[in-house]
Amino acid sequence: MPGFTSSYSPLFLALFILIAAAVSWYFYRNSSLSTPFKIFLISLKTLALFLLMALFIEPVLSYLVKNDNAAIDIVLIDNSRSMLTGSKQDELNSVITSGDIFGGGKRVFTFSNTTALVSSKDSLNINGFTTDLSSSLTKLKENYPDRSFSSITIISDGLFISGVNPLYEVKNMGVPIITAAIGDTSQQKDVVMSKVVYNSKSMVNTPVKIKAYINAYGFQGTSVNINLLREGNVTASKTVQVTGEQNYETEFDISESTAGKIRYRIDVTPSAGELTVKNNYEDFFITYLDNKVSVLVISGGPGYDNEFVGSVLKRIGNFGITYRTMKSPGEFYEGGIAPNAFGELSALFLLNFPTAVTSSAMLTDISGQVNLYKTPVVFFAGKNTDYGKLASFEEQIPFSVSRPNSGETQFGLQIVATNDNPLSKLSGLSSQQVFRNVSGIIPKPGAITLATDKASGEPVMISRITADSRSAAFLGYGMWRWKLNSGTNAEKTMEDFLLASLQMSIEKEKKTRLKVYPEKDVFDYTEEVRLIAEAYDDKFLPTRNAKVSVKVLNKEGGKAGEIELKPDGSRFLGILPPLATGDYTIECSAEFADGVFATDKSRFLCDTVNSEYKVTRTDAAILRELANNTGGVYIEKGGYNDLNTILNRLKSEKSAQTLTPERTIRFDLWSNKYYLILIILLFSAEWALRKRNNIP
């Protein structure tokens, strides 16, 4: 017999009814109504209260029904592109035409990157660019919440390259899984570009390493040629000698002189007799960032160190230097600092700044901007540095001092010998002498000491990187005196020292009001194109207060799509329908409420995604495991015609195992609108009848 089950004992359910009845009787105990009408209202209120209690106490009810052997059988057919390699397609066609796939009350679905109902063998289209069995099983649960199916048959090569492990999903299906293997479990003769490893972002004029991994099967004693293509043109080639069936690695070095997003491809020249050449290549993009370092140098006033440091910085080609030399407490010789300057900075360089005459208002403004934009700070001490006022940069400097103005001393530098210390490579630095007038130098938590006073061992060069700040500090001064030592190249030593100090702290990717990028660099020509933009306000904080539009242009400059991106959380999102195979450029523009107009560009590729061709050998192991873990059957190659026999046998065995086979239907009361409507109607009817009879 069918019936509801609950996690509570029947005694508790009886108690809930008694409580509801007692509350209802107490409510109507003094009402002057006829006995039948009073009993009716009490019963109505009791039922409403009981159902309301059930909603909060038992939000999910299980309904047991007799198992119906006539329940439908589900068939899932893998229609991903891996089914097109070798003999798989012919084998699948044979299964569909001569097997028991269609008819007999079965529901047939294809699965790959999507799941679709198939009405006949003629409507089967093999073109999925990835295989996600776990998502298809999840969709079955959603489409059949009452589990009104008695089995699931999976026809596949077992190459499930997307989603979670399907073994976790089948545990909750509650039905046997029949798996039918398509294809050969032995590896066919083939050369595969299995993967390419690279950094998706790099700096211009900086060498980038690209590693390519190739699998070669059945080509022992031969060689394969590997090419690196830039924007469709071969720029480098390598030859790999194949000695056995193994993974081969080769490496390319590239660099770009201008910023931008560059398309590359690594491919293997096809060899005679390959199973397929669709897995011989991989396309990818690398975005090159302009490594022009923007540095604002604030000096406490004219001086020898200021002139020496400035002259060296100006000759470093990749540095864009802006100088501000203090003239009076709140004024610079070169003029003021632009309000939006800090958002564009790679670093702030404080040289003998602040001093005793620096105004507190100026310090508050500068330190506030640094804190807001998380601008990296490099501090070089000076003879006139006021360490009390330097406390305005408390969050941005990597040290504190307990004894400022403790008297000037001359000392030599001792470089801390560690593998990751950038100063350890500067051979001329340890021979130089400098001055300091502070002691009791205490590095902050997380800071690293890079150099010390050779005599006292006290830290004098410190670096610190946290989630919110990047900083470096040098507590010496008097570097101009290095030029007096004829035995060394003072300017070269100073250049190396400044570069090391800045590079350990600078923020390499500049801030911008607008960023646009595709969800991925290579889309399949059958899938939607998802475009994402990030907009930032004048303080470079994410904002939704902008109108963001996108144009997509093909390689010839023709318009392939145009869309306005809509806010999606903290970003903007737009979706275009599938595009034809080709190379596309994104042109994005944004209009902000403050009147600013910003633009950005990016690129993506639409092509036949070849990830399904990377592995061609059928994975029988996972298909066997899916069947064994669910009491199903693994069908060997050629046994597909017996599917109906297998399904009937499984149903008979299940019926024989239990006298009253049952299945469970689960009702989520909170999401069941009819249950909620019933409660509302009961309370409304009871309230209306009370008011009609003047019962308070």
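Tabulated results
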quantity	calculated
L484/N384 FRET efficiency (R0 22 Å; Cβ-Cβ; nearest 0.05)	0.55
Average projected area [Cα convex hull, region 95-186], square nanometres	6.5
Pair L681, L573: separation of 7 Å Cα→Cβ label points (nm)	3.8
Cβ-derived FRET efficiency at R0 51 Å, K691 paired with E519, nearest 0.05	0.30
Filtered GluC sites (Glu not before Pro), region 323-393: DSSP coil and at most 14 other beta carbons within 10 Å	E334
Region 313-408: proportion of alpha-carbon pairs further apart than 23 angstrom, %	24
Where labels lie 7 Å past Cα in the beta-carbon direction, separation of S31 and I19 in nm	2.2
Flagged links, alpha-carbon separation over 29 Å, of K201/K483; K201/K314; K201/K539; K314/K547; K121/K195	K201/K483; K314/K547; K121/K195
Expected 222 nm ellipticity per residue - DSSP helices of 4 or more, -39500 (n - 2.57), all of the chain, to 500	-7000 deg cm²/dmol
Three-way shape call for region 146-258 based on the alpha-carbon gyration tensor, with the a/c threshold at 1.5	oblate
Protection proxy ranking of 466-473, 116-123 - average other beta-carbon atoms within 10 Å, highest first	466-473, 116-123
Rounded D (µm²/s) - the chain, Kirkwood Rh over Cα pairs, Stokes-Einstein at 25 °C, 0.890 mPa s	75
Share of carbon and sulfur in the accessible heavy-atom surface of the chain [1.4 Å probe, %]	52
Theoretical FRET efficiency, 1/(1+(r/R0)^6), r = Cβ-Cβ of S430 and S223, R0 51 Å, to 0.05	0.50
Spacing of the two label points (7 Å from each Cα toward its C-beta) at N628 and K195, in nm	2.7
Burial order of peptide ranges 368-380, 352-364 (average beta-carbon count within 10 Å, highest first)	368-380, 352-364
For region 447-512, the spread of Cα positions along each principal axis, largest first, Å	45, 31, 14
At least 24 Å along the helix axis (C-alpha) and Kyte average at least 0.5, DSSP helices within the chain	10-28, 35-57, 673-692
Descending semi-axes in Å of region 400-499, equivalent ellipsoid built from Cα gyration tensor	22, 18, 11
Value in Å of the Kirkwood radius, where region 287-347 supplies the Cα pairs that are averaged	12.7
Per residue accessible area in Å² of the chain, where ligands, DNA and RNA are left out and the probe is 1.4 Å	48
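The values are calculated or read from the model by the stated rules, or taken from the named source; none is laboratory data. From a predicted model like this one, the values you see are computed outputs, not experimental measurements. Glycine gets a Cβ as well: all are built from the backbone with ideal geometry, and neighbour counts include every protein chain shown. Note: accessible area is taken over every heavy atom of the protein model, side chains too, but ligands, DNA and RNA are not part of it. Shrake-Rupley method; radii C 1.70, N 1.55, O 1.52, S 1.80 Å.
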